[in-house]
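The values are calculated or read from the model by the stated rules, or taken from the named source; none is laboratory data. Predicted, not measured: the structure shown is a model, and the values here were computed from it. Please note: Cβ atoms are built from the backbone with ideal geometry, for glycine as well, and neighbour counts cover all protein chains shown. These area figures cover heavy atoms from the full protein model, side chains too; ligands, DNA and RNA do not enter into them. Shrake-Rupley method; radii C 1.70, N 1.55, O 1.52, S 1.80 Å.
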Amino acid sequence: MGVLREVAAPFVVPGPSGVAVRDRLKQLTVADERVLRLVGDHLGSLASRDLRVRKSRRLRVLEDRLEAVRADWQAGVVHVVRGGKQLLNTRHHLDAAGLSEAGWRARWEAARRFLAADGESGKRYGNETIRVCPDGEVSVKLPAPLAHLANAPHGRYVLTARMAFARRGEQWRDRITAHRAVAYRIHEDVLRGRWYLTASWANPPVNCLPLAAARMRGMLGVDTNADHLAAWRLDTHGNPVGAPLRFGYDLTGTATHRDAQIRHALIRLLHFAKRRSLAVAVEDLDFAGVKTREKHGGRKRFRKLISGLPTARLRARLVGMAAELSIPVVAVDPAYTSKWGAQHWHKPLTSINRATTRHDAAAVAIGRRALGHPVRRRTAPPLQHQSDAAGHRTVQAGNGSRARKETRPRIPGPRTRCVSPDAERKRATSASKTVRDAPDAQVRVQDSLLLTEEERCHGVHDR
């Protein structure tokens with residue numbers, strides 16, 4: 001058996017700093033306090049004896065987990081598997097995974113074998129450890145114990161392969177030319193048998209536009225659902241334009257697949273908004289405290305529904321991708337958008353040739369709220385009051401509703417509103433058409449019907 005080579009100190013990856021343990025400790029503490037308030041303080045007010053037993057059992061389980069995590073935290077024990085816990089468990093089920101022991105070992109070693117370095121602004125090409133030149137040359141700064149392996153000056157090792165970015169290559173080139181920070185990661189893909197170099201950098205802060213500027217050309221209201229994004233374009237007056245849009249995605253499978261599905265749906269949505277110079281209106285959703293078992297323990301279907309909504313991931317992706325395309329994003333209050341949209345916009349927007357869903361109506365409600373218009377529509381007046389018999393009926397909600405619209409104020413002036421009420425009347429009063437109202441000084445002359453046209457003209461000149 002050969003002697004194991006001693007690993008150089010700078011290449012040793014330190015263990016986790018305890019961030020995962022602190023997050024788990026915080027989650028269990030919050031859950032334990034929530035269940036304790038529900039069970040300990042209101043044990044007698046729960047609905048049934050079975051519910052009290054289940055909540056009490058849940059409290060004991062959370063307390064045991066919390067004590068175990070606290071013990072690991074104090075002892076400095078971190079349960080982290082480099083390469084993933086799922087890949088580790090696959091070792092015991094090679095037949096079900098369709099892998100051999102050698103194939104699994106290759107994946108296991110590849111997941112643990114990588115090289116990464118954060119960028120540094122001001123350094124040459126934005127990174128001193130892993131340097132990538134504009135022509136694609138990749139070099140690595142070797143530590144002192146491995147300096148004898150360098151094939152370039154200053155203790156650097158230059159790779160024989162050249163690198164090229166197929167996506168966002170111009171942005172990367174602009175950053176390294178200005179010596180701005182770029183982070184790199186070199187890793188192996190066992191399935192494809194290739195090595196990849198990934199570059200990443202932080203986007204600059206997004207400039208906030210005034211709300212009035214975002215509303216200049218209308219709004220694209222977007223309703224987030226578990227399997228699709230429902231969108232509808234609205235003009236500046238809040239009227240739906242065109243047909244509703246639907247951008248579907250599938251959130252089953254691996255995390256990489258789910259993230260790709262969300263990015264694909266968002267890029268189609270943003271390209272539609274970019275072509276029409278529209279701002280995007282979304283709901284400011286957060287189900288962190290709503291989808292817990294302690295709050296909706298008996299409503300499993302509801303908890304599964306709201307857990308499937310990718311609110312946090314979609315919000316983070318949408319802001320970053322919209323900033324790249326310079327598209328404003330307006331976040332609105334999600335209160336009653338689905339309910340009022342279905343009540344006031346579902347039926348009016350449904351026709352024989354177009355089937356409108358409740359989600360499409362909710363997108364209209366979101367867009368109207370972003371534009372500053374009320375979500376609820378005006379009620380149409382009855383047929384006998386569509387004239388001025390009883391005045392204009394502009395009440396939008398019932399008499400008991402708060403902040404409802406009042407009667408439209410009467411503005412003096414012409415009915416057509418084409419002349420300002422304060423402007424003076426330019427046209428003189430027309431003469432009366434009746435004989436009784438004619439002035440006494442007026443002289444009426446009736447020519448004979450037997451006179452010719454020439455005689456009438458001479459008579460007029462004689463007078």
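What the table shows:
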item: Heavy atoms of ASP50 accessible to a 1.4 Å probe, total area in Å² rounded to 10; result: 90
item: Computed log₁₀ I(q)/I(0) - Debye formula, equal Cα scatterers, no solvent, segment 137-288, q 0.08, 0.10, 0.13 Å⁻¹; result: -0.43, -0.62, -0.88
item: Pairwise centroid distance, computed over Cα atoms, of segment 227-245 with segment 332-363, Å; result: 10
item: Residue-count net charge about ASP333 - beta-carbon cut-off 10 Å; Lys, Arg +1, Asp, Glu -1; result: -1
item: Charge context of ARG180, other residues only, Cβ under 15 angstrom, K/R +1, D/E -1; result: +1
item: Mean Cβ count within 10 Å, highest first, over the residues of peptides 139-149, 160-170, 232-242; result: 232-242, 139-149, 160-170
item: Rounded FRET efficiency, nearest 0.05, which uses the C-beta distance separating TRP201 from VAL77 and R0 of 25 Å; result: 0.10
item: Segment 97-190, relative contact order [Cα under 8 Å, separation at least 6], %; result: 39
item: Residues with amide H under 5 Å from that of VAL330, placed H, sequence gap 5 or more; result: VAL280, ALA281, VAL282
item: Dipole magnitude of segment 136-293, debye to nearest 20 (Cβ charges: Lys/Arg +1, Asp/Glu -1, about Cα centre); result: 420
item: Total formal charge among the other residues, if their Cβ is under 12 angstrom from that of ALA202, Lys/Arg +1 and Asp/Glu -1; result: +1
item: Sequence of ARG358, ARG113, ARG217 from largest to smallest accessible area, 1.4 Å probe; result: ARG217, ARG358, ARG113
item: Scattering profile of segment 125-215 at q = 0.17, 0.24, 0.25 Å⁻¹ [log10 I(q)/I(0), Debye over alpha-carbon scatterers]; result: -0.82, -1.27, -1.32
